[in-house]
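K.L.:
Would you mind keeping the following structure in view while I ask a few things?
The values are calculated or read from the model by the stated rules, or taken from the named source; none is laboratory data. Note that the structure is predicted; figures quoted are calculated from it, not measured. As a convention, Cβ positions derive from the backbone with ideal geometry for all residues, glycine included, and neighbour counts pool all protein chains shown.
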């Protein structure tokens, strides 16, 4: 195997990242190592493509205004399954030397943090990686393309590119366990243009953290949860708000009411057409699934992939 290095990257050893230490993900030391920088699982929030974190919520975590992300069931089981997924990858690729990975900081931008799941090294007991392995779990195949391709959920792609940039390698293998029993592999090649966009966005985000410039409020669920968590207690007083905030709030309530009514009407029409069937199908694609409880319709669940194009 050749030692693949980014085109145009500084020559070794100047380009080698700094090893910050060996930390168990989710521990206080792990959070502390990432506190002053942006990790691979955080860059997606900076780019506005994370389903779990918003730029607003991440900014408040970096300021220490809200607690680190609590471990969810999804995160817990991902951590539990990681060793098995990585072991499966190593068994399927005996020609590769797969090793554990520490936490790194980029040589050029120390605020760029990388904590890959595994490294591929040129020989046993060597510490300079030539490729990376990331282990993932998924409830279903939504967002995952054909095995062997580079079609993976966009926030995972951002994480892979971030790690490759920090470690100065050009390939990341993504091994995923879908629904607890289907193992797949994908390969992400380094894209300098994408990585440069993330570095620029990351640098700007860190500037706003240093200069205490709070991001705008957006519609992400994490943003709303952050706003709810910031005030402590309640004062029995009236607070004058802007007319713009009032009008936007009332307009959103009215739009939500109209949307709810339209959703019920559309669901009713679909259920009426399904009758006693289980699935609504159009042009060979599942639209929604009807569930029954005690012989009667209980719910109508939309298909995960709701695209209307073929």
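K.L.:
Considering the range 131-142 alone, what residues qualify as being within 24 Å of residue 166 (Cβ to Cβ) and either modelled with pLDDT under 95 or surrounded by fewer than 22 Cβ atoms within 10 Å (Cβ to Cβ) (or both)?
P.N.:
136, 137
K.L.:
Could you check the range 1-76 for helices (runs of 4 or more DSSP H) lying wholly inside it with 3 or more residues that are at pLDDT below 95 and surrounded by 17 or more Cβ atoms within 10 Å (Cβ to Cβ)?
P.N.:
Those helices (runs of 4 or more DSSP H) span 28-34.
K.L.:
Against the conditions (1) more than 23 Å from residue 199 (Cβ to Cβ); (2) in a strand (DSSP E or B), where does residue 132 fall short? Just the number, please.
P.N.:
Here residue 132 clears every test but (1).
K.L.:
How many of the residues in the range 103-126 are touching a helix residue (DSSP H, G or I) at 6+ places or on another chain (Cβ under 8 Å) and not in a strand (DSSP E or B)?
P.N.:
Going through the range 103-126 one residue at a time, the tally reaches 6.
K.L.:
Which residue, of 280, 267, is touching a helix residue (DSSP H, G or I) at 6+ places or on another chain (Cβ under 8 Å), farther than 28 Å from residue 53 by Cβ and surrounded by 10 or more Cβ atoms within 10 Å (Cβ to Cβ)?
P.N.:
280
K.L.:
Please work out which residue is modelled with the lowest pLDDT, limiting yourself to the range 237-285 and to residues that are in a strand (DSSP E or B) and over 12 Å from residue 300 (Cβ atoms).
P.N.:
Among those residues, the one meeting the criterion is 285.
K.L.:
Report yes if residue 89 is assigned by TED's automatic domain parsing to the domain that holds residue 29, in contact with a helix residue (DSSP H, G or I) (Cβ under 6 Å, 6 or more places away or on another chain) and outside any strand (DSSP E or B), otherwise no.
P.N.:
In short, no.
K.L.:
Looking at 291, 286, 297, 242, which one is farther than 22 Å from residue 140 by Cβ and touching a strand residue (DSSP E or B) at 6+ places or on another chain (Cβ under 9 Å)?
P.N.:
297
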